[in-house]
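The values are calculated or read from the model by the stated rules, or taken from the named source; none is laboratory data. Remember, it's a predicted structure, so these values are computed and weren't measured experimentally. Cβ placement follows ideal geometry from the backbone for every residue including glycine, while neighbour counts extend to all protein chains displayed.
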Amino acid sequence: MSIFGQLFGGGQPATLPEGAILVDVRSPMEYNMGHVQGSINIPLDTVQQELSRFKSMNGPIVLICASGNRSGQATAYLQRQGLENVQNGGSWTSYR
């Protein structure tokens with residue numbers, strides 16, 4: 001994908017791993033303005049409180065946000081808590 005595609009969306013949608021759970025860590029307001037169908041909204045500022053929820057998820061967990069920054073922070077935190085099935089998926093627009 002071109003640099004413009006990476007910055008502004010477009011091109012082919014990203015592919016999720018088999019059985020993946022897509023978690024959007026943007027704010028509820030951002031999520032309600034547009035999100036990937038089937039994704040779960042767990043805002044970044046609630047990730048610590050939702051740790052047990054993440055631990056109960058089966059399959060790969062792909063975290064997304066607007067740019068990949070917040071999902072990267074959430075991924076790093078969850079991996080430090082021992083979750084190995086978590087990855088940063090970057091921008092939610094890659095999965096539309």
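Some notes on this structure:
- Within the stretch 78-96, residues that are farther than 14 Å from Ser52 by Cα and surrounded by 14 or more Cβ atoms within 10 Å (Cβ to Cβ) have Cβ atoms under 8 Å from residues that are modelled with pLDDT under 95 and among the aliphatic types (A, V, I, L, M) in these pairs: Gly89/Ala14; Gly89/Leu16; Gly90/Ala14; Ser94/Ala14; Tyr95/Ala14; Tyr95/Leu16, counting only partners at least 6 apart in sequence or on another chain.
- Any hit, the stretch 58-70, residues being touching a Cys at 6+ places or on another chain (Cβ under 8 Å) and surrounded by 13 or more Cβ atoms within 10 Å (Cβ to Cβ): no
- Failed item in (1) in contact with a Phe, Trp or Tyr (Cβ under 7 Å, 6 or more places away or on another chain); (2) surrounded by fewer than 19 Cβ atoms within 10 Å (Cβ to Cβ); (3) not aliphatic (A, V, I, L, M), with Glu50 passing the rest: (1)
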